[in-house]
Structures are given as C-alpha cells and as structure tokens.
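Mind having a look at this structure? Questions to follow.
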Amino acid sequence: MSRDVAIVATAQRPMETHTLLTSVELLAPTLIGVLERAGIERSEVGFWCHGSCDYMSGQPFSFISAVDAIGAWPPIVESHVEGDGALALYEAWVKIQTGECDTAVVFANGKTTAGTIDRVMTLQLDPYTVAPLWPGATALAALQARACLDAGGAVTEAAMAEVAAASISAGLANPNVGWGVAATADELLDRPYANAPLRAHDCGLPVDGAVAVVLAAGDAARSLCERPAWIRGIDHRIDTQRLGARSLTESASTAIAARHAGVLGDRIDVAELYAPYSHQLLLLLTALGLDPERTSINPSGGALCANPQMAAGLVRFAEAADRVLAGTADRAVAHSTSGPCLQQNLVALLEGE
Amino acid sequence: MAERCAVIGVGQTHHTACRADVSIAGLVREAVDRALESAGMGIADIDAIVIGKAPDMLEGIAMPELWLADALAAHGKPLFRVHTAGSVGGSTAIVAAQHVMGGVHERVLTIGFEKQSDGNTMWALSVPIPFGMPVHAGAGGYFSPIVRTYIARYDVPLHIGAMVAVKDRANALKNPYAHLHDEGLTLEKAMESPMLWDPIRFVETCPSSDGAIALVLTDEATADAHVADTGRSVAWIHATAMRSEPTIFAGREQVSPVAGEMCAADLWRKGGITNPAEEIDAVEMYVPFSWFEPMWLENLGFAPKGDGWRWVEDGVTEMTGSLPVNASGGVLSSNPIGASGMLRFGEAAMQVMGIAGEHQISDVRKAVGHAYGGGSQFFAMWLLGRDKP
Amino acid sequence: MSGGTIDYQRTDDGSFTAPLVLSYPYARTVGNTLARFFTSLRDRRIEGTRGSDGRVYVPPAEFDPLTGDACTEWVVVGETGTITSWAWQGEPQPDQPLDTPFAWALIRLDGADVEMLHAVHAASPDAVTTGGRVTVRWSDAPEGGINDIVCFDLIADERQSDGEPRSASGPHSGGASHSGGASHSGGASDSDGDDVVRLRQPIEVAYEWSAGPAATAHLEGLLEGRLVGRRCTSCAQVYFPPRNGVCPRCAAPLGDEVEVGPAGTITTFCVVNVPFLGQHVKIPYVAAQIVLDGADVSMQHLIQECEAEDVRIGMRVEPVWRPRDDWGPSLENIEYFRPTGDDDVATIRATS
C-alpha cells in the first residue's frame, strides 16, 4: 500500500575546494533554485528535511541556522537528521508514505573544509577503546583497502587507480566540480602513498557544497514534472562499527539494503554511488550486483573528485535523478554511506515512467 | 491512508546527575531492556531503530548512534538518527511512529538519551561564535527575558513560577525514575530560592541529567496481539504534529510562538479535539523553567491568552486537578536533553496505558506529549488514546 | 590579526574569518565491563568477552552484537597476536600513539577471535606484513585506558611469546610521546573520592569560522565604531546584526545598509546571577534585549551603570564603547549599554 514518490527537481551549488560562505549563504540560493525548477512556491511545500553534522561545522545546533535559509514563515513542518542529506531524503519519503504531505524539499550543506575532517570523523568511533587512539578516517579506510588487496579479488591497486582516473576525468566534465588534472591509471599508480595503500587520489577530496531536491507523491509529481524520477525502492541498513567484527572485503549492509530496495538483478542504466575511497566503489559494485560494462558508474565523478560530506550522498541522488529526469536513463541506483568503512548504507532505485 | 500505530512498551532509566555505574551503551540498554520487557519482546523482534539526541558536543562523540549499533544488535537493520535540538525526543518518536504509519516497518524501537555528566552541559550548548557578543547567560539567560515579558504583559503575580516548581517536584516524588526528589519543598521555601536569571529562580530550573528512554511502537496487528496475549494496555497514536519557525526575525512573538500555536492547532484538528482542556485527561509538556507551564497552557490552546497563570494558581494542573500537567515531574525534575522530549511522549503513553504507578492519573482516555527546542522555535506533539483512532 | 578579544583574518575578498577551537576534557564513566578491561590493562593483563557465536572480542563487547545479551564470559588472551590488516601513518597526527611514522593494524590477539585496532611500531612500511606477529608494549605509567598499551612491536620469529610482559624500552619508551595537539588522551582511571572510575579523554578540534561575505560591511562598521544593519529587500525590515545576508522570514536577500542606533530601547531583560566559566563581568549583571533605533530586531547585550532593580522594559539606553585601540570586528567593542536618562518608551510592545 505504499505511495509512489518521485524526485521532480534538483539543484546543486557548484562545489568549491574551500568556501567562505556560511551555511545559509550556501543554502539560500540553492533552495530558491530548486523551488524554481520544481515550479512550486515555498508555501506549497509540505515538509522540509535536512541533514548536517554539528561536529563538522564546529557548532552545537548548527542546523538551526540552516532554517534561516528557508524563509520559514509562516511556520513550516521541518525536521533534521544528524547525517547526510540522503538520510533526510529517506525521512521525507517515509513521511510522504504516511499521507501527511505530498511534497517535500530535502537539502544538505557540507562545509567539509571548515575543520580537519579526517580528525573530526575520528569522533564517530568507539569513545572508550578506539577514539582515544585518534585514528583518522583515512587510516581506517586504508586498513580496509589492504584487507581487500590481500583478499586478491576485484580490488587491486590498478583497479583502484582506474576508479580514481575515471573520477578525475568525469569531475573535469561536471559543471558542479570542474577541477582536477586528468591522469591515466598508470600515472596515478606512480604517485606516492598518503596512508598506504591509499594514495591521495584514492581519497575523496574534502570540498564544500550544497544540494537540494524536491520530492512529490503521485499526481503531485505528475503535475510538476513531465518525467518524474520515481523512487521504486529505498532502504538503509547498518553494520557493526567494530572493524574486526565484520568482513571488510564486502559491504553486507549495502547488499541487504539493495535487496530490500529491489535493486538486484535488473538492468540499471546509471548508478551514482557514494564511495569516499576508490576501493569502496569496487566493493559497492559487488554488493549491488552492478557491472561497469553495462551500467554507467558515477558519471558525475562520484565522491572521489569532490566529497562535500553530509551533502555528498544527496548529491548522488540528485545526479542519478537528473539523468532520469532528462531521459538519458530509465533506471538508476543512488547510494549513500556513513560511518567508517561503509558501515551504514542507503540504497534507492529510481525509475522514469 | 496511514496505518495505525500504538506504543506498546515504555522503558526509562533512573535519571540522575551522574550515572557513574554505566557506559553510554549501558545507559541506553537499561531503557531499551525495560521497554522491550514492557512490550513483551526481545531485541531480535525489532525491525528498525530510531535514535534521537541533542548536540554531540554533550558527550564528545560524533553520531554516537553509529557506534551504538553493536549494543543494540542492529546489524543488518535500519538505524536512524534525528537531531532537532531540545524537541528531539519528541520529533524522534514522531519519525519512529511514521515508519509504522507509513507501512514501512511493523515494530520500531525508538530511543532518546543523553549522558551529560561525561562532559559539561553549559559549555557544550553555548560554544561562542566568533564576532558575536558573548553574554554567557546560557539557556536560562535566553528564556528568562521571555518570561519577564509574559509577566509584564499579563501582570502575572510573581509566585506562579514557584507554584509550578513545587507541583512538579512533588509529583516527582511519586516517580521513582525522576532525577530530583525534592522532599519538603514548600511554596515559602521556593520563594526564597535564589534567582539565577531573574525572574527565574534556582528551584524553577531543570537539572542536568544522565538518562535514557525507549519506546516500542508497533502496527495494529502486533499491538492487538500483544493486548490479547498479555492483557496489557497500549496507547494508540491519534495524531502527531511538528512545526518550526526561524530563531530571529522582525516582529517575532516569543512568549507564545506561532509555531507552537500552529503545532497544537494541527494536532487538535487531526485528533478531532475541539475543546482540549475538557477532552484531554493528562498532559506531559516540556517545561524546563517552571514559568513555561502557564505560557504553554496558553500556547497550546488549553487556556485563553493571559489566563494560563490563573489555571496554575487555581490548581487546575495539579495531579488532582482537571488538567493534570507533568504528573511525572516533567523536565523540571529530570533533564537528559536528548531524552527529555521522548520522556514527555513516553510518560503520556504510560498514563494512557495505566502503567505510571504512583503518579498515575485516574482514567486517562487521552493524553498529550509535547516537546520544544531551540529558541522556542521547534515544536513536536503527539496525541494518544486508550481507544483506537 | 587581533582585535579586542578576537584573533581574526581577512581573506582576499575581505571576508572575516576567525579560529574556533572546541576543547574539553571529557571524563567518561565506563560501566562494569570496560572497567574490568581497563583495570586488567593497568595490571598488564588483556581480557575479552565471548559472544553468543563463541567469538572472543578484545576489547570486550559489553553486549553481544548478534543477540543483544550482556556478555558475561571472560577470557584472558595473550599479549602477542597476528596482524590481519594494516595501513601506514606516514605523518603522525596529534594525539596518536606514536610520533614517528607507524602502522595502524587490526590485530588478532592469541586467544581472541575479533581483531582490535592499535598502532604497530615499525621502522618502515616494508617491515609490516599481513600475518606478521606483534607483541604488546606496555606503558610504564598506566592510567587505565587503551593507551596503557603504548603500541605493538613486531616480533621477528613466528613463535608465540613466552607470555612475560615486555616493559617499554628503547627510544620510544613510555606513553605520552606526542607532538602538538592536546595532551595524551585515554586514561586516568583514578578514583575521585567516591571511587568513580572515569576515563579521561581530552578532545580538541579546531575550525576556521567564516563570518561570510554578507557580514563584511557590518563587521567593518564595527571596526570603525558604526552599527550597520541591512534592510530586507522584501519585507523592508532592518536586521542588526544582518546575519547571512538573508531575511529569515522572507528568504529574500538583505539589501541596503542602514546605520542603526547608537541608542536603543530595552524590550526585555534578565538579571544573571550564575557564575560561568570564562565570565568577565561581575554577577549579578543585566543581560538585555535591545532594539537599536532604526532596527526591527533586538540584540542581546549587557546593561551597566545602573542597579539591576532599576532596569525596566522600555528603558532608553546608549552604548559605552571600549577604548578604540581595543576594537575588533565584534559587538564586544561596545562594553555595555547604560541608561540615557530619557523617558521610557512606554508604548513599545513587550516582545523580545
């Protein structure tokens, strides 16, 4: 008995390697932009939901100022998740399922460069036995990469370099990214390690950005948009955070979420996957049953060339939806992740009618 | 269109200044285990977990729900984190309920918690923003001027805040889980309590607590089976509502914020309530400074504007009154910030379910849970009933 | 550059930025399971708990991740173990276990099944291998935390160690050999009078705070002793301070600059009587909401040169500025507001 919900419009602020704008300055024009694209007024929006992280911005209640970007008058129905905007999209999707609203604006901003993100993310770890060692997020990802390399499967240093090269190249062509110096996989393999076995280009570049999408249900979606990107399935699952307690050479929670979202098995034209590290993209492809020969993977460049944390997952949804909305793809997968080493994963199947 | 949803289990910790005996996982599990027992379930029966808490600087852990996945046996399940400032406990319960009402899951565990003693509450909530003017007055310094405005606007006698404090602390004596057990607090003693942020006195101020609460929310089939199997009661969710407004804007009304009024109006409309004061049998509202009780009575549409304080004075909101407010002792007696909103929602459920023990109001057919946060700008409420909606 | 109490920078486009440091010495209570684990570490013994599937977790699992049951079976494990994965930390960061390049590793201690994360001391990444054997290097000054294991050292041969504890020795002896950042974290299970075991974890994270380009005119004004607000291009209300250049009510840009004040009216206030860490003003003091002349929102500031009981809603006040040499881009340039002595504005609606 679930309602059909679609993404009907998206808006991204071109990302910056370091912004001086405040969250509100990043968000306000993005929200105005997405409303214009959707063709709805602020007052017509049934629900506003956003994602952000206090520790990333360095302020408790940092999301409260984000409300200033909305123009929340008269008072609105609004909620917030401490996490990526993709999870805020999930909350909005659930709310629409209840029938409480027919439209929602989901947004996120990530000022990843405000602090030292690698250190800040250490604070996600077990506060008693892991965080006091202060391992950075990249070190943990590197541990996972080594485990994958040792396992001798699809993840090889060469394959990782291919992923990075493709990301750089796609990022150069992406108007929301537009930076980078093209390189072949072989050239990348010659570069020094950052946290071995990860090289700098294997790690998502921390950048600042903002993104918003509009969700609409059923007839509301059809009235707003010629070719809505219908969310045919959406699900999220979490793994243990303890790295030694799960297999690091697979993403079990992604596979479970994919199954529940109905992703596995059928033809997928394009997939936008949030892989902050190159080897993780390869793990996600396996977990999602995706073949790069048959599916366009991260045509946006993904999160390696540009990783505005807390927004990067929602950016994947926007990129996937854009292609469905434009008619260049019929079926798309969007994915977001959070926690160390792909601990928590959200998967959605988008389809054009 | 929505599925029916019921609260079938409630569990909370003994709230106190410092739960020295537990880790954060232990604190959360104490509430969770009691909620599961109350629901007659094991943790394996839960389909999804929705957690809410306030700013992560309180404990110095970013997104602690990720690490807590192990302690909650959440591997392979959906786990979700809500953060809407002080109202978070309430909005979290609403988000959890929507998972059931939207037909997404059948059995949802929702948790609110805070372990404030691990850090420093005042510091964590008011990290100064560069280029601003730090007045260092904290939450009390923010809300106290608003209270002054209420008093001035309606010429409110100055003992009203103390009356509410005496009531809530007396109620807390009947709540074994409450943080503050203030024996022998009289109105006279309360009026002698020192001013912290005049006009708010020390005794009129909430504590800083470690604590957690968990609720088990299920679909109709599970709730019906639970009732049939155990003979226990459940609390049916009749309506939920949320509203937000900006912190500062020209012409903003702060004593009775429009977002609060609209949130309540939405709740009454959805729940088919036309006369809240008469139709609601028990209210758990978010009163961190005692003066907010008369203010919220007006804001939520129970009492006419300017009359909230008369209701307090007339004893309307006492446990023996016609509209008992905060029989649990309220935020004024226990305030683990991330849990406080859900404590209101959960205590309202306990009243409907008849499991509030010594602080049970008799014959509660309908109860309301209310939470607010930020600069009196985020509001979350739910309406519960003994009967199905 | 420094101005008043602020250390700030100007960027190329004129925006104001300032450092923002969150620093707090958290002190965690750990519960019985971890208390036992940390107490054992302090005594140079490593214990884990067994989960429902038989796996031994080190550090111990308080609750079984599969069933949720409390783990109650304890198992003592060895001080030696095997690396199952590792990564190189070529540039050690503040607070990390070692201050020369080292390896992070997942280590399966002998007798345990679930790996633990820790640091492995090695001269170079070439010395570290998956499958390599390591042994604990104990701290000489244990504090009851995970850092009582300073790190692990590589052992040359494959045989198990004889179980004798190795004390910290060599050039990297002892615990707190860190460069920069906060002091050594993770430890101090000292009791504090009532036998509370607390794990001290000082956390310091630093940020760059940007006021944003929309605030530049306002902050430049403050540097010059002017109070500059901005008018909403939609509702025409004047905001002071003009945060983010957006009207929170209309979502329209804030446009024209408008000088406001210097005098204003108190719309409401409180008398602060609570001592607070870092407070400079003597209690009791008045914190008031003031609407500066020409502005349409109030701002919070201090009232002085007036007894607290004499402050009134509707009172007219004027700013008292700090010495000009102390000025920075902040409202702190105004030390406080004081009564002007003019008649109260009786008609002002008492909204905050």
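The values are calculated or read from the model by the stated rules, or taken from the named source; none is laboratory data. The model shown is predicted, which means the values in this text are computed figures rather than measured ones. Positions of Cβ are backbone-derived with ideal geometry, glycine not excepted, and every protein chain shown enters the neighbour counts. The accessibility values were calculated without ligands, DNA or RNA, using every heavy atom of the protein model including side chains. Shrake-Rupley method; radii C 1.70, N 1.55, O 1.52, S 1.80 Å.
For region A:45-86 and region C:210-271, what is the separation of their C-alpha centers, rounded to whole Å?
Region A:45-86 and region C:210-271 have Cα centres separated by 22 Å.
Within 10 Å of each Cβ in peptide C:260-270, how many partner chain Cβ atoms are there on average? Round it to a whole number, please.
4
Also: 5 Å is the cut-off here: which amide hydrogens, built 1.01 Å from N in the peptide plane, fall below it relative to A:T116, excluding neighbours closer than 5 in sequence?
C:A206
Carbon and sulfur together cover what percent of the accessible area of region C:212-339 at a 1.4 Å probe radius?
That fraction is 46 percent.
Can you list the aspartates and glutamates whose alpha carbon sits under 15 Å from that of A:K111, skipping same-chain ones fewer than 8 residues off?
Of all the aspartates and glutamates, those that pass the test against A:K111 - Cα under 15 Å, at least 8 places apart if same chain - are A:E16, A:E25, A:D54, A:E82, A:D84, A:D208, C:E208.
Rounded to the nearest 100 Å², what's the accessible area chains B and A bury against each other, both chains counted, probe 1.4 Å?
About 4900 Å² of accessible surface is lost on pairing.
Right, next: Given a 1.4 Å probe and the protein chains all in place, what does the accessible area of A:H18 round to, in Å² to the nearest 10?
Surface accessible to solvent at A:H18 totals approximately 80 Å².
Take the alpha carbon gyration tensor of the protein assembly as shown, find the square roots of its eigenvalues, order them as a ≥ b ≥ c, and report rounded if a/c is under 1.5; if not, report prolate when a/b exceeds b/c, else oblate.
Rounded shape, in that the Cα axes give a/c under 1.5.
Determine the sum of side-chain charges near A:A258: Lys and Arg each +1, Asp and Glu each -1, restricted to other residues whose C-beta is under 13 angstrom from that of A:A258.
Taking every Cβ under 13 Å from that of A:A258, the sum is 0.
What ranking do C:9-19, B:364-374 get when scored by the average of other Cβ atoms within 10 Å per residue, highest first?
Highest mean packing first, the order is B:364-374, C:9-19.
Given springs between every Cα pair under 10 Å in a Gaussian network model of chain B, which of B:T110, B:T205, B:T92 has the largest fluctuation?
Among B:T110, B:T205, B:T92, the largest mean-square fluctuation in the Gaussian network model of chain B belongs to B:T205.
Determine Rg/Rh for region C:212-339; Rg is computed over alpha-carbon atoms and Rh is the Kirkwood hydrodynamic estimate from the same atoms.
The Rg/Rh ratio comes out at 0.99.
For chain B, what does the equivalent ellipsoid look like in terms of its semi-axes, each the square root of 5 times an eigenvalue of the Cα gyration tensor, given largest first in whole Å?
Whole-Å semi-axes of the equivalent ellipsoid: 30, 24, 20.
Using only atoms on other chains, find how many Cβ atoms lie within 10 Å of each Cβ of peptide B:18-30 and report the average.
Whole-number average of other-chain Cβ neighbours for B:18-30 is 6.
Let me ask something else about it. Could you sort out which of A:K95/B:K77; A:K95/B:K53; B:K53/B:K270; B:K115/C:K282; B:K77/B:K270; B:K270/B:K366 sit more than 22 Å apart by Cα distance in this structure?
B:K53/B:K270; B:K115/C:K282; B:K77/B:K270
Now a separate question. Under 23 Å Cα-Cα from B:K189, which lysines qualify once same-chain neighbours fewer than 8 residues away are excluded?
Straight-line reach from B:K189, under 23 Å: B:K167, B:K174.
Would you tell me the mean number of C-beta atoms belonging to other protein chains that fall within 10 Å of each C-beta in A:336-343, as a whole number?
The per-residue average across the peptide is 2.
Another question about this same structure. For chain B, what is the accessible area per residue in Å² when the probe is 1.4 Å?
26
Quick check: Cα centre of region A:219-247 to Cα centre of region B:271-346, how many Å?
39
How many angstrom lie between the C-alpha centres of region C:42-109 and region A:1-31?
41
If you look at just the Cα atoms of chain A, how large are its Rg and its Dmax in Å?
19.0, 58
Whole-Hz Karplus ³J(HN,Hα) for region C:335-340, in order, using 6.51 cos²θ - 1.76 cosθ + 1.60 and θ = phi - 60°, x for Gly and Pro?
6, 6, 10, 10, x, 7
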